[in-house]
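A.B. asks: I'd like to ask you about the structure that follows.
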Amino acid sequence: MAGASTLALIAAGLGWYNATRPAPPRPLIRLNAEAAPDTPLARGEVFSGNGGNMLALSPDGARMALSLLGADGKARLYTRLLNQSQATPLAGTENAHAPFFSPAGDWIGFFAEGKLKKIAVEGGAAVTLCDAAFGYGGSWGDDGNIIAALNFTGVLSRIPSAGGTPVPVTKLASGEVTHRWPQVLPGSQAVLFTVAAQIAAGYDDANIDVVSLQTGERKTIQRGGFSARYLADATGSNGTGHLIYLHQTTLFAVPFHSGRLASTGAPAPILEDVSSTLTAGGDFAFARNGTFVYLSGKAALASWPISWVDGSGKTLPLHAPPGRYYTPRFSPDGKRLAFAMGSNKGSDIWVKDLDRDTPSRLSFLPGTNDHPVWTPDGKNIVFRSQNAAAPGLYVIRSDGSGEAKRLTESKPPEFPNSFSPDGKRLAIHQAGNGGAMDIFTVPVEADSGPGALGVRLGKAELFLGTPFAEVFPAFSPDGRWLAYSSNESGTMEVYVRPFPGPGGRWQVSTGGCRYPLWSRDGRELLFQTLDRRVMAVTYTAKGDSFAAGKPRLWTETRLRGIANFYTYDLAPDGKRLAAFVANDASAEKPPTHLTFLLNFFDELRRKAP
C-alpha cells in the first residue's frame, strides 16, 4: 500500500513537473513557395527605388501583404491568406511599398505616391495619413499611433493611425544621417530602429538603438547590424524574447528583455542567406505564432562590369572586372570615365583612362565616397563623402595629384549632380522641405589660395522645394534649362524648368521615369523607365518656351537597377552609353519565391538560449 502511494506521489510529481516545465522545442519546418503566380516581388532597390520591406505578415500569421510588380512596371499591394493560393490586388495602391499591419490585422499601412497611407485588408479606398516623400519603414503600435521613417534621411516620427501631423520622436546625433526601419515594442512604450552614419555602402556598421516614447531617452543595444525586430516568446507576457537583426546576409538573434530594453545573452547566427537591399533593409517578416518568411539573399553581393552600349543594343566591355560600381561619368572630352566602386566598408572614386585602358583610384577617404561630377574644364571632380569624421562635398584633381579637399559640411547629405556649362553653378539635391529632397544650386567661385584646387563653393540656394521629392537635376548644354525627376504625380517622372527661372514646368516622360541626361549636341534628353529601358525625346526651346517630342526607345538593352544611383552616362559623341547592363543571371531576374519557416521561435530558443 505504501509502495502504491509512493508511486502515485511520483506519478503526480512527474505530472506536475511535465505540466510546468517549458515544452521541448518543436522542429523547424522549411517551405519554399511561390509568392503569387506569374507576378514577381517588387524589391525596393531593384524596381521601385523606394525604401521599405516588400512583405509583411499579419500578427496572427494568417495573411500576407506583398508589394508585387505588375506588367506595367508599377508595384502594387496584394494580400494573400496563407491557406489560399491566390493573391488579391488592392485597388488604389499603385507604387506601394513597405507594408505593415495594424495590431488587429484589419488594416495595412504602406507608402505610395509620396504619402503614408492605410487600406483595409478586404479592400476599399486607401486613406492618406500624412506626407512621406520616400518612406523607410513603419510600425503600428497598440496605442493607435504609427511610428515611421518618412524620408531618405532624418528621424522617426509619430503619426496617429487616423492621420495627422507627424511629430518627431528621435533626434539625429552627431554623425548620424538616418533613422529607419522602426518597430514599436509591445506596450508602445519604446521603439527599435536602425541608426546609420552612411547609406550607400550598406548598414553592416550601423547601430540598433531603442528610444523611450515617454522620455525620449535613447541607447544603443547592438552594434554592427540593421533591420532589428523583437520577437516575443509564445506567452508574450513576461517581456522575454529575442532580438533579431541582419549583418551582411546572416540573420543573428540575441535573447532580449523588452521591459528592461536590454540583451540577456550573446548573439548567435540563425540563418545565412537572408536578402536585403540598401533601400529596403532586410527582406523578411514574422508573425506572433512563430511563422517567419524571408527572401533568399545568396545574390545580395552581386557585382557587374561596365559596358559600352550603342543604340542598336550592341554591348562591348568597357571595364570588364566585375565590381559594385555606381554612377559612371564621362569627362568633358570623353577620354576618361569616373565612377564609384563599392565594398563592404564603403566606396571610392576611380577614374579610367579609356585610351590606355588603365583605372586609377582617386579618393582615399574612409566611408562612402560616390556621385562624382566633372568640372567643365575636366581638371577636377567633385564628389560626396559620407565619412563619419568629416562628411560633405569634396573636390580632387582628376589626374590623381594632390589630396581631396573638403568643400562643404553637409548636414543633411548633399548629392552633387551637374555643373552648369560655364562652371559657375553646381546643381545638387538634398533634404530641405520638411525632410523631402529638394533641388539647390551652389555658386562656384575660383579658389587660388594655398593648396587650392580651383574650386570653392558658396552657400546653396534653393531652386525648387516642394513637399514632394525633387532629385537628379541636370543642366542643359546651353545652361538655360534644368531637367530633374519628381514624384509629384505619384511616381517619378522627368520634368524641365528654365534656369535660373522663373518660368513654366514641362513634363517630358510618362509611365514612371527618372535619371535625366542631356545629349551634348543639344538635341535630345535621355531618361530611364521603371523597367530600366533608356528613352530619348527630341526637344525645341525658344525664348522661355520648351517643347518635347514623343519619347522613343534609345536602345533595346535593359540596364541594371540600382536605386538612387545613375547606371549610365552618354558619351560626348552621343553614340554610346557607359552602362551597367542587366542580364539573365538569377540576381537580375525578378524574385517570385519566398521561404517560410514554421516553429521559428523554437529555433531561436534552440540556437540562442
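The values are calculated or read from the model by the stated rules, or taken from the named source; none is laboratory data. If you're wondering where the values come from, they're calculated on a predicted model, not measured in any experiment. FYI the Cβ positions are ideal-geometry reconstructions off the backbone, even for glycines, and counts take in every protein chain you see.
A.B. asks: Give the residue, chosen from PHE100, PHE111, that is in contact with a Phe, Trp or Tyr (Cβ under 7 Å, 6 or more places away or on another chain), assigned to a strand (DSSP E or B) and modelled with pLDDT of 90 or more.
C.D. replies: Matching residue, one of PHE100, PHE111: PHE100.
A.B. asks: Report yes if GLU122 is more than 23 Å from the chain's Cα centre (by Cα) and either of a type in the set (Asp, Glu) or not in a loop (DSSP other than H, G, I, E, B) (or both), otherwise no.
C.D. replies: Answer is yes for this residue.
Condition check ((1) in contact with a Ser or Thr (Cβ under 8 Å, 6 or more places away or on another chain); (2) without any contact (Cβ under 8 Å) to a residue 40 or more places away in the chain; (3) surrounded by fewer than 22 Cβ atoms within 10 Å (Cβ to Cβ)) across all residues:
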{"residue": "PRO516", "(1), (2), (3)": "yes, no, no"}
{"residue": "ARG520", "(1), (2), (3)": "no, no, yes"}
{"residue": "LEU525", "(1), (2), (3)": "yes, no, no"}
{"residue": "GLN528", "(1), (2), (3)": "yes, no, no"}
{"residue": "ARG532", "(1), (2), (3)": "yes, no, no"}
{"residue": "THR540", "(1), (2), (3)": "no, yes, yes"}
{"residue": "ARG558", "(1), (2), (3)": "no, yes, yes"}
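A.B. asks: Which ones in the stretch 454-477 are part of a loop (DSSP other than H, G, I, E, B) and either under 23 Å from the mean Cα position of the chain (by Cα) or modelled with pLDDT of 95 or more (or both)? Quick ask: steps written out before the conclusion?
C.D. replies: Going through the stretch 454-477, the residues part of a loop (DSSP other than H, G, I, E, B) turn out to be 454-455, 458-460, 465-469, 476-477.
Within the stretch 454-477, GLY465, THR466, PRO467, PHE468, ALA469, SER476, PRO477 meet the criteria.
A.B. asks: Something else about it: Looking at this structure, is GLY402 at pLDDT 95 or above and on the phi > 0 side of the Ramachandran plot?
C.D. replies: When the stated conditions are applied, GLY402 does not pass them.
A.B. asks: Scan the stretch 232-269 for residues that are assigned to a strand (DSSP E or B) and touching an Asp or Glu at 6+ places or on another chain (Cβ under 7 Å) and jot them down.
C.D. replies: Residues satisfying the conditions are THR240, GLY241, HIS247, THR250.
A.B. asks: If you don't mind, there's one more thing I want to ask. Please work out if GLU488 is acidic (Asp, Glu) and crowded, with 20+ Cβ neighbours inside 10 Å.
C.D. replies: Against the criterion (acidic (Asp, Glu) and crowded, with 20+ Cβ neighbours inside 10 Å), GLU488 does not qualify.
A.B. asks: Considering only residues that are of a type outside the set (A, V, I, L, M, F, W, C), without any contact (Cβ under 8 Å) to a residue 60 or more places away in the chain and under 14 Å from LEU77 (Cα atoms), which ones fall in the stretch 98-141?
C.D. replies: Those that are of a type outside the set (A, V, I, L, M, F, W, C), without any contact (Cβ under 8 Å) to a residue 60 or more places away in the chain and under 14 Å from LEU77 (Cα atoms): PRO99, GLY109, LYS117, LYS118, GLU122, GLY123, GLY124.
A.B. asks: Next question, about the same structure. Which of the residues spanning the stretch 363-407 are part of a loop (DSSP other than H, G, I, E, B), buried (at least 20 other Cβ atoms within 10 Å of the Cβ) and under 25 Å from the mean Cα position of the chain (by Cα)?
C.D. replies: Those that are part of a loop (DSSP other than H, G, I, E, B), buried (at least 20 other Cβ atoms within 10 Å of the Cβ) and under 25 Å from the mean Cα position of the chain (by Cα): SER363, LEU365, GLY367, GLN386, PRO391.
A.B. asks: Right, another one. With respect to the numbered conditions (1) at pLDDT 90 or above; (2) of a type outside the set (S, T, N, Q); (3) not in a loop (DSSP other than H, G, I, E, B), which one is the sole condition not fulfilled by LEU594?
C.D. replies: (1)
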